[in-house]
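> Okay, handing you the structure first.
Just so it is clear, none of the values below were taken in a lab; they were calculated from the coordinates. No experiment lies behind these values; they were computed from the predicted model shown. Please note: Cβ atoms are built from the backbone with ideal geometry, for glycine as well, and neighbour counts cover all protein chains shown.
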Amino acid sequence: MTNRKKALLFGLATVAIWSTVASAFKISLRYLDPLQLLLCACAASVAALSGVLLFQKKFGMLGKLTGKELMRCGLLGVLNPFLYYVILFKAYDLLPAQEAQPLNYTWAITLTLLSIPLLKQRLRLKDMLAILISYFGVIVISTHGDLLALQFSNPAGVCLALGSTVIWALYWIFNTRSTVDPTVGLFLNFLFGLPLILGATLLFSELPSFTVQGALGAVYVGFFEMGITFALWLTAMKYAALPDGGGTARVANLIFLSPFLSLAFIQLLTGERILPATVAGLGFIVAGNALMQYRPKDGR
């Protein structure tokens, strides 16, 4: 099999799995509250990432990390998984999955906005247009298409979904300064984040009672949203970057399939009736993201 086909195969597998996680969030939250789901999913993710590190023979890297690198990984663990998923799961608890998922997809736009003060990047006219297009899509989804009334279906849920994008964008901005292997770093983020999640669960909720549905949902989320899929995506990008891999942009563009596939899974698995306004709003958000990533041949 050629590197191009391997990159495409791993990329499509990643997109297919990511497309199911919004449904998994919503179904799991029927049996667990947001903190309980996060606690179980994070524990599953640590186990999954341990397996990935063993398979990739990277466990030895842990003993070579400096104290500064370990501290950075620990601090990043406060952002992800702790704060990010607490806020995101609460948003899914308050909103239909078809609203929470597209709103969370605006994280790339948030990343651009935060890069201006934090990374001293310039905001170009193209970026401003992309931001306006994406956030117009947010309004379409949040008002169920009733733009004139501007009555949001659940203001708290909308704010949490958009707030989660701020945490996620900050995590990736601060992560750019890390010299730790990405998979090792993610493992440590979740390992350090787990005690924080346990403490928050004991303070503000309670340890979850065992149910088959809740356990299966949490394990699925931990393995595929937080763990194995990350390794699959890195593998796809690695093959794509090779001389006959077809280029990383080709694989990266597959991510635009994910939110639309996700809507299909949401309707199929959760029973939500997908509103026309959701599809239209998601179209604007994806168009804004695509415009943000577009680079003309002259590089400007």
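> Compute a Gaussian network model of the chain, connecting alpha carbons closer than 10 Å, and tell me which residue from Pro34, Pro96, Pro155 fluctuates the most.
Pro155
> Right, another one. Which value in nm describes the separation of the simple spin-label points at Leu132 and Ala264, placed 7 Å from the Cα toward the beta carbon?
Result: 3.4 nm between the two label points.
> So, one more: Please say if segment 3-125 is rounded, prolate or oblate, where rounded means a/c under 1.5 for a ≥ b ≥ c the square roots of the C-alpha gyration tensor eigenvalues, and otherwise the choice is prolate for a/b larger than b/c and oblate otherwise?
rounded
> If the limit is 24 Å between Cα atoms, which of Lys58/Lys238; Lys90/Lys120; Lys6/Lys58; Lys120/Lys238; Lys5/Lys238 go over it?
Working: Lys58/Lys238 16 Å; Lys90/Lys120 32 Å; Lys6/Lys58 22 Å; Lys120/Lys238 29 Å; Lys5/Lys238 12 Å.
Exceeds cut-off: Lys90/Lys120; Lys120/Lys238.
> Quick check on segment 216-288: take the gyration tensor over C-alpha atoms, sort the square-rooted eigenvalues as a ≥ b ≥ c, and tell me if it's rounded (a/c under 1.5), prolate or oblate. Let's see the in-between values first.
On the way: a/c = 3.51, a/b = 1.38, b/c = 2.55.
Oblate shape, in that a/c is at least 1.5 and b/c is the bigger or equal ratio.
> Would you calculate the volume per residue, in Å³, of the smallest convex hull containing every Cα atom of segment 144-297?
Numbers: hull volume 29.1 nm³, N = 154.
Dividing the Cα hull volume of segment 144-297 by its residues yields 189 Å³.
> Moving to a separate point now. In a solvent-free Debye calculation with one equal scatterer on each Cα, what is log10 I(q)/I(0) for the chain at q = 0.07 Å⁻¹, listed in the order of the q values?
After summing over all Cα pairs, the log10 values are -0.27.
> Classify segment 155-210 as rounded, prolate or oblate, taking a ≥ b ≥ c as the square roots of the eigenvalues of its Cα gyration tensor: rounded when a/c is under 1.5, otherwise prolate if a/b is larger than b/c and oblate if not. Walk me through the numbers before you get to the answer.
On the way: a/c = 3.09, a/b = 1.23, b/c = 2.51.
The shape class here is oblate.
> Test of understanding: what is the full-extension gain from Leu148 to Leu9, defined as 0.36 nm times their sequence separation minus their Cα-Cα distance?
Numbers: separation 139, 0.36 × 139 = 50.04 nm, distance 4.42 nm.
Net length gain for the segment: 45.6 nm.
> Quick one: check the C-alpha center-to-center distance for segment 95-171 versus segment 8-42, whole angstrom.
When both Cα centres are located, 21 Å separates them.
> Using the crude model of +1 on Lys and Arg Cβ and -1 on Asp and Glu Cβ, and no other charge, please compute the dipole size for the chain relative to its Cα centre, in debye to 20.
Its charge dipole is roughly 1180 debye.
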